[in-house]
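Reviewing the structure listed below.
Computed from the coordinates by the stated procedures, all read-outs in this text should not be read as laboratory data. Since the model is a prediction, treat every value here as computed from it, not as a measurement. Using ideal geometry, Cβ is built from the backbone for each residue, glycine included, and neighbour counts are taken over all protein chains shown.
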Amino acid sequence: MTTAHDVVVTGLGATTPLGGDVPSTWSAALAGESGARSFDNDWAERFSIPVSFAATLKVPSAEILTRPELNRMDPSAQYAVIAAREAWADAGSPGIDGDRLGAVVSSGIGGIQTILDAWDTMHAKGARRVLPMTVPMLMPNSPTAYVSLELGARAGAHALVSACASGAEAIGYGAEMIRTGRADVVIAGGTEAAIHPMPIAAFAASRTLSTRNDDPGGASRPYDVERDGFVLGEGAGILLLEREADARARGARIYAAIVGYAANCDALNMMALEESGQNIVVLANDALKDAGLSPADVQHISAHGTSTVLNDRTEARAFRALFGPGADGVAVTGLKSMTGHAIAASGDGGW
């Protein structure tokens, strides 16, 4: 059986509010740019939505994909395919039997735009005008299915749906597929395309969105004392995973190793975290144990950092419990300050 330390990352792909690929996204992140921007439509006025901005894609998928591709895929699948193509090419397009290639691409919300558009069509024009591809487009496993079709991945096409954790769980599950021998290479990550007036209205109703309409770029502020909610984002982030020995044998560039993974849940509330942060502590310790490490070995935390009052406070309590009040030497970053909260595409919770 492959050990945790033998699974490495050899390909990166992304389309985000900061850029249409990994290099442009990374460059904008290092420069501290924000992908949040005011809507170029009348949604806020037309539907009386209290939020008039979001972190939308920097490069629309219509500028990258063909018309037939756009017509048969929900935006969540479009973003996943764009990022998967980049990750595959970045990894050197490894020659592998499709029976040993897996796909695990998750979406927290799925094809919400397809669902709502199809309902609008039926309401306005009748059932016969609903597109026959509607069901394959709206399913939450549609993105991973299209990535599987794109690459010929036959070892499994999975879509773990667990809200904001979906993308991170996809990566963990992909690593497990390699560790247990189910696959030799797995394309894994998250995608989300929920910037539509209805989801925005629903998030606003739950009072989890920032309402800093006069300052979109400064609205997402993880851990700030004046934080007032998250900025909804969209996009996709995909990794190519494989065994370290295989990667080195073919001369692949290795970005990182998946050395430990764990998952749990609060089993407390559909919206709220357990406020002490103890379940996060248990989770972190389980992941560290899987990696054969201790809290003293941690140098960086890619935090969830949603900018909501409760989430940030609970995470901070967990960090203090793990590392002590000072936590000297542990850097904490919150990428949502720039990309917004792209739900499954956020892939946060990294250590």
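Quick look at the values:
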quantity: Exclusive hit being closer than 18 Å to ASN264 by Cα and hydrophobic (A, V, I, L, M, F, W, C), set ALA344, ALA296; calculated: ALA344
quantity: Residue in the stretch 214-222 that is over 19 Å from GLY110 (Cα atoms) and touching a Pro at 6+ places or on another chain (Cβ under 7 Å) present; calculated: no
quantity: Residue count for the stretch 214-245, restricted to those that are in a loop (DSSP other than H, G, I, E, B) and in contact with a Gly (Cβ under 7 Å, 6 or more places away or on another chain); calculated: 4
quantity: Residue check for THR56: of a type in the set (S, T, N, Q) and more than 16 Å from the chain's Cα centre (by Cα); calculated: no
quantity: Single match in ALA272, ALA267, ALA263 (criterion: part of a loop (DSSP other than H, G, I, E, B), surrounded by fewer than 16 Cβ atoms within 10 Å (Cβ to Cβ) and on the phi > 0 side of the Ramachandran plot); calculated: ALA267
quantity: Qualifying residue in the stretch 192-199 (condition: of a type in the set (Gly, Ala, Ser) and not in a loop (DSSP other than H, G, I, E, B)); calculated: no
quantity: Positions within the stretch 246-260 being more than 24 Å from VAL105 (Cα to Cα) and assigned to a helix (DSSP H, G or I), in sequence order; calculated: ARG248, ALA249
quantity: Residue in the stretch 289-304 that is under 21 Å from the mean Cα position of the chain (by Cα), part of a loop (DSSP other than H, G, I, E, B) and surrounded by 20 or more Cβ atoms within 10 Å (Cβ to Cβ) present; calculated: yes
quantity: Pairs with Cβ under 8 Å, 6+ apart, first in the stretch 178-191 and more than 19 Å from VAL259 (Cβ to Cβ), second of a type in the set (S, T, N, Q) and in a loop (DSSP other than H, G, I, E, B); calculated: GLY190/SER107; THR191/SER107
quantity: Matching entry among GLY95, GLY126 (being closer than 30 Å to ARG253 by Cβ and surrounded by fewer than 24 Cβ atoms within 10 Å (Cβ to Cβ)); calculated: GLY95
quantity: Filter result (in contact with a Leu (Cβ under 7 Å, 6 or more places away or on another chain) and part of a helix (DSSP H, G or I)) within the stretch 90-100; calculated: ASP90
quantity: Selection from the stretch 134-155 of residues that are touching a Gly at 6+ places or on another chain (Cβ under 7 Å), assigned to a helix (DSSP H, G or I) and closer than 15 Å to VAL104 by Cβ; calculated: SER142
quantity: The stretch 231-255 - residue that is surrounded by fewer than 19 Cβ atoms within 10 Å (Cβ to Cβ) and small (Gly, Ala, Ser) and, of those, nearest to ARG179 (Cα to Cα); calculated: ALA245
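Listed here are the residues, each with its yes/no results for (1) surrounded by 24 or more Cβ atoms within 10 Å (Cβ to Cβ); (2) not charged (D, E, K, R).
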residue: GLY152; (1), (2): no, yes
residue: ALA157; (1), (2): no, yes
residue: VAL186; (1), (2): yes, yes
residue: ARG207; (1), (2): no, no
residue: THR211; (1), (2): no, yes
residue: ASP214; (1), (2): no, no
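The rows are residues; the columns are (1) touching an Asp or Glu at 6+ places or on another chain (Cβ under 6 Å); (2) over 19 Å from VAL51 (Cβ atoms); (3) not acidic (Asp, Glu).
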residue: THR211; (1), (2), (3): no, no, yes
residue: GLY217; (1), (2), (3): no, no, yes
residue: VAL231; (1), (2), (3): no, no, yes
residue: LEU240; (1), (2), (3): no, yes, yes
residue: ARG243; (1), (2), (3): yes, yes, yes
residue: ALA247; (1), (2), (3): no, yes, yes
